[in-house]
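Structure first, commentary second.
The values are calculated or read from the model by the stated rules, or taken from the named source; none is laboratory data. All values reported here derive from a predicted model rather than from experimental measurement. Because the Cβ atoms are built from the backbone with ideal geometry, glycine has one as well, and the counts that use them run over all protein chains shown.
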Amino acid sequence: MKRAGLFYAQLAFTILVCAFMVVPVVLSILAGVTANFFQGIGSGLTLRWVVQVWGLYADTIRLSVIIALACLAATLIAGVPTAYVLAKRPGRVARLIEELLVLPIAIPGLAIALGLITTYGAFEGFRKSWLFILAGHVVFTLPFMVRAVLAVLLAIDFRTLEEGAASLGAGFWQRFLGVVLPNCRPGILAGSLMVVTLSLGEFNLTWMLHTPLTKTLPVGLADSYASMRLEVASAYTLVFFVILVPLLVLLQRFGQPARRAERAAPVAATVPERAPA
Amino acid sequence: MAAPRRHPRSEAPLLAALTLPALAAVVAFFVLPMIRLVMLGAAGPEGLGAYAAALTTPRYVESLAATILLSAGVTLVTLAIAAASGLFLERNRFRGRQVLIAILTLPLAFPGVVIGFMVIMLAGRQGLIGSISAALTGQKIVFAYSAAGLFMGYVYFSIPRVILTIMAAAEKLDRALEEAARSLGASNWQVVRDVVLPALRPALIASGAICFATAMGAFGTAFTLATNIDVLAMTIYTEFTLQANFAMAAALSIVLGAITWVALTVARSLTGATVAAAG
């Protein structure tokens, strides 16, 4: 096929946009392993900064992983059954519940954090523990789990599957655990990836909710950007990318199961409404 | 809608119970805190006047106006970039296309703080743009810590999610309409203006509103860049932590939350049910 000049103009523009997205990432990775970034790569490659970051900030990484996994557990327990109920009994009440669950995405994290602090700040044990951060992460990520599972449930004919199982004598829990859950798997996977990714990177809420003893990875990043030399900040960012990018790649691959199902049956797709900023 | 089905009555309480963990979490950690915040906003020395003050005191009005202006500008620029690249990538098949799509959508979940650092890598004191300009002209261009830097950061984090929405919408366009317009003698530009863009309108409005709301509420990027323009999120943060003016911080948060919520709701009602389901 002959390519018109317009094609190359558009290609050049798109490559320029890609450069805008990827060049700073590459630069920060390079800076994280360069002995002296100001002098350039010529000053030699080193893992010194990464080692230093590990010494300074390993605690924040550990806490972030713990919170992300706890958040995943909480959103699975709370979100998956709720999505099932919303799909099973559509109607005004279901619509209202869904609106309520999704509302935290529409409110800036800073506002939610101020609400949490002014409501629970007096409960010192809670305020000072990482559970306080977890509470914020759960309300912020729960909608993504519910939406992902709900989208898959609406795209498959789970009612017929359930009726089939019921006619064979399966009770409620047998149907829920043995028929509904296995069929939701793509949605559960997409929702889980989203929840873990968002929790690991959450800053807007976490910056307000953290204490000196409950610093998460993004809080540590902000800290290093403000007070450390560029190489250390870059090495820390590099460590963050090593954790986050595999999740993002998996998310690109498995993040929209409903869209794939939609090609067979036309049901609305889910595009994540907001990611943290 | 599905045909009426028999609902075994005994299942209703069980189904209600299944939603309890989610409802409890949202009520305890979102609804109650937001109610508390609304009340706190009205509990200061000015009472309900705190909300009026949030909308009339010059310092807050300036911050609000600057944030709205910045967010609107970011939205327009992002829509233009994402529409151009998104349409191109959806319509052409060539080697390396998947790589370009992956690059454009990968930063989808980069936190704001990290994006602030990306801006520093590009336009900061040791940034790429500064070194290039210094080598070429002897003049070191540094704009990471100004409004331009913040603008660049917001466009950076908006591109991935807008481009995803536009590509999904472009995939569903009816190519026959374009062929018809072309056979009637329409130029490339006319086809884009009169056929493609109107068809993409719902996606543009929806993703534009999401982009606007996200930029309004964004905090991490401005925090990292310690920008010299006071976006609303930074003003709220300063009121709360440095001035200890809790009532005003609460009132401003409620105003900000109301704006982002209205933007998303209006977009949803304008774009109809399919986008409502898509969110």
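Descriptive notes on the structure:
- If you check A:Leu110, A:Leu116, A:Leu76 for being at the interface with chain B (Cβ under 7 Å from one of its Cβ atoms) and under 18 Å from the mean Cα position of the chain (by Cα), only one passes: A:Leu110.
- Number of the exception - B:Phe29 against (1) loosely packed, with under 13 Cβ neighbours inside 10 Å; (2) of a type in the set (A, V, I, L, M, F, W, C); (3) at pLDDT 90 or above: (1)
- Here A:Ala258, A:Ala166 are screened, and the one residue that is within 10 Å of chain B (Cβ to nearest Cβ), in a helix (DSSP H, G or I), modelled with pLDDT under 90 and in contact with a Ser or Thr (Cβ under 9 Å, 6 or more places away or on another chain) is A:Ala258.
- When A:Ala222 is tested against (1) within 8 Å of chain B (Cβ to nearest Cβ); (2) touching a residue at least 40 places away in the same chain (Cβ under 8 Å); (3) within 23 Å of A:Gly115 (Cα to Cα), only condition (2) is not met.
- Of all residues in the range A:4-44 being in a loop (DSSP other than H, G, I, E, B) and buried (at least 16 other Cβ atoms within 10 Å of the Cβ), the one that is modelled with the highest pLDDT: A:Val33
- Some residue of the range A:234-255 being surrounded by fewer than 22 Cβ atoms within 10 Å (Cβ to Cβ) and polar (S, T, N, Q): yes
- Residue in the range A:225-237 that is nearest to A:Val25 (Cα to Cα), counting only those that are away from chain B (no Cβ under 11 Å) and part of a helix (DSSP H, G or I): A:Ala235
- Subset of the range B:32-79 that is out of contact with any Leu (no Cβ under 6 Å at 6 or more places or on another chain), among the small types (Gly, Ala, Ser) and buried (at least 21 other Cβ atoms within 10 Å of the Cβ) - its residue that is nearest to B:Ala251 (Cα to Cα): B:Gly41
- A:Gly79 within 25 Å of B:Thr221 (Cα to Cα) and surrounded by 23 or more Cβ atoms within 10 Å (Cβ to Cβ): no
- One residue alone among B:Leu256, B:Leu264, B:Leu225 is more than 24 Å from B:Ala148 (Cβ to Cβ) and of a type in the set (A, V, I, L, M, F, W, C), and that residue is B:Leu264.
- Given (1) facing chain A (nearest Cβ under 9 Å); (2) surrounded by 18 or more Cβ atoms within 10 Å (Cβ to Cβ), index of the condition B:Leu200 fails: (1)
- Test: residue in the range A:143-159 that is more than 14 Å from the chain's Cα centre (by Cα), farther than 27 Å from A:Glu99 by Cβ and assigned to a helix (DSSP H, G or I): no
Here's the yes/no breakdown for (1) at pLDDT below 90; (2) farther than 22 Å from B:Ala226 by Cβ:
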| site | (1), (2) |
| --- | --- |
| B:Leu122 | no, no |
| B:Gly127 | yes, no |
| B:Phe143 | no, no |
| B:Gly149 | no, no |
| B:Met152 | no, no |
| B:Val155 | no, no |
| B:Arg161 | yes, yes |
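- Applying the criterion of being surrounded by fewer than 18 Cβ atoms within 10 Å (Cβ to Cβ), part of a helix (DSSP H, G or I) and not aliphatic (A, V, I, L, M) to the residues of the range A:82-107, the residue that is farthest from the other protein chains (Cβ to nearest Cβ) is A:Arg92.
- Single unsatisfied condition, B:Ala176 versus (1) in a helix (DSSP H, G or I); (2) within 27 Å of A:Ala111 (Cα to Cα); (3) more than 10 Å from every other protein chain (Cβ to nearest Cβ): (2)
- Between B:Gly153, B:Gly73, B:Gly86, the distinction of being part of a helix (DSSP H, G or I) and under 15 Å from A:Ile15 (Cα atoms) belongs to B:Gly86 only.
- Among the residues of the range B:215-233, those identified as within 10 Å of chain A (Cβ to nearest Cβ) and in contact with a Ser or Thr (Cβ under 7 Å, 6 or more places away or on another chain) are B:Ala215, B:Met216, B:Gly217, B:Leu232.
- Any hit, the range A:132-145, residues being more than 10 Å from chain B (Cβ to nearest Cβ), of a type in the set (Ser, Thr, Tyr) and crowded, with 17+ Cβ neighbours inside 10 Å: yes
- Residue within the range B:112-134 that is small (Gly, Ala, Ser), surrounded by 15 or more Cβ atoms within 10 Å (Cβ to Cβ) and closer than 21 Å to B:Thr235 by Cα present: yes
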